[in-house]
1. Would you mention how many residues in the stretch 209-238 are charged (D, E, K, R) and closer than 22 Å to F160 by Cβ?
2. Just one of (1) at positive phi; (2) in contact (Cβ under 8 Å) with a residue 60 or more places away in the chain; (3) over 20 Å from the mean Cα position of the chain (by Cα) trips up F13, so point out which.
3. Taking the condition of being in contact (Cβ under 8 Å) with a residue 24 or more places away in the chain and surrounded by 16 or more Cβ atoms within 10 Å (Cβ to Cβ), how many residues in the stretch 16-27 meet it?
4. List, please: which pairs have Cβ atoms under 7 Å, are six or more places apart or on different chains, and start with a residue in the stretch 216-237 that is assigned by TED's automatic domain parsing to the domain that holds F196 and part of a helix (DSSP H, G or I) and end with one that is surrounded by fewer than 24 Cβ atoms within 10 Å (Cβ to Cβ) and among the small types (G, A, S)?
5. Does any residue of the stretch 191-205 turn out to be among the polar types (S, T, N, Q) and under 15 Å from S269 (Cα atoms)?
6. Take I56 and decide whether it is in contact with a strand residue (DSSP E or B) (Cβ under 9 Å, 6 or more places away or on another chain), crowded, with 17+ Cβ neighbours inside 10 Å and β-branched (V, I, T).
7. Out of L277, L304, I need the residue that is within 18 Å of the chain's Cα centre (by Cα), assigned by TED's automatic domain parsing to the domain that holds I40, at negative phi and not β-branched (V, I, T). Which one?
8. Can you report the number of residues in the stretch 144-186 which are crowded, with 23+ Cβ neighbours inside 10 Å and aromatic (F, W, Y)?
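The values are calculated or read from the model by the stated rules, or taken from the named source; none is laboratory data. Being a predicted model, the structure only gives us computed values, none of them experimental. Methodologically, a virtual Cβ is constructed for each residue, glycine included, from the backbone with ideal geometry; neighbour enumeration extends over all protein chains shown.
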Amino acid sequence: MILEGTVLRGPDFEPVEGRVVVEDGEIAAIEEGEARSDDIVLPAFVNAHTHLGDSIAKEAGGGLSLDDLVAPPDGLKHRLLREASREETVEAMHRSLRYMQSGGTAHCIEFREGGVEGVSAIREAADGLDVEPVVLGREEIEAMEASDGFGASGARDADFDHERTATRDAGKLFGIHAGERDSHDVNAALDLDPDFLVHMVHTEPLHRERVADWEIPIVVCPRSNLVTGVGVPDMDELAEHTTLALGTDNVMLNSPSMFREMEFAAKLSDRSAADVLRMATKHGADIAGLNCGVVEPGRDAKLLVLDGDSDNLDGARDTVRAVVRRAGVADVRDVVLGSADG
């Protein structure tokens, strides 16, 4: 397979005219030269934080507080998840995953409710699609053992020492929500030495120093934080201390569109367009240990092709800025989600 156009090459997304050569699901070469296409070739997205079970309850709970919406065990989302049949939940998650794939998402890091059964349900939901969830089980050690790791709700909800130890012993990924409604749970979350933190809307200088010292990446979800009324993360301040990735959070509250999340993050902060695109691609891939997120030889061919001649993108003077702040699903020409192992 050969993809022609403007290639956003390497971790800095240098726009070069040429071709991406794909062989056996891997990027074999990037060849500079005159292209016969106005397409834009970039890495597919890695959505670094999702709750796809919420797909059964889109736009439910308008006006409710964060706790009333999502706090375990009796927040609205948890009640609706318990009431839904497995078939309803699987179908709703499948449709969200299909939408994500059509918008250029290769992977998502999913905090999956429902224990082992919940892990099984999202595996079924992803069947037949090319988008691949990195599933972090919740609620029980067995869910971690059946998945790719453990996704903790937050240190104020429970003591996760046992789950953290078991996840570390298994060599799997451990993530935890922290600093979402206030800063009171941040130190306890950091004490668990997580592989990554989610939200960190409310932080103090000590928290940011600990994050920097331990090099713990943070996944920010600014659209979700705005909807739930907890504020928005100071991405510029956080980025001075650690690596940031981008997630869309609860499907109940927002569409799982990385285009929308990038645009919002870019316009809410002073991060450069390249910084935001890294948050949506490479940094999420790095958290999950994935071999994608960058267009360079040797990477899995997880690629997004945009129509640079669309009515929306034609005439853009800065390609990366246009991708981050302007592009959308309607501009997608192709989504290539191969991998070296087939």
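1. So the count comes out to 3.
2. (3)
3. Qualifying residue count for the region: 5.
4. N225/G231; M235/S269; D236/S269
5. No, the stretch 191-205 contains no residue that is among the polar types (S, T, N, Q) and under 15 Å from S269 (Cα atoms).
6. On the way: in contact with a strand residue (DSSP E or B) (Cβ under 9 Å, 6 or more places away or on another chain): no; crowded, with 17+ Cβ neighbours inside 10 Å: yes; β-branched (V, I, T): yes.
Criteria not met by I56.
7. Numbers: L277 fails: assigned by TED's automatic domain parsing to the domain that holds I40.
The conditions single out L304.
8. 2
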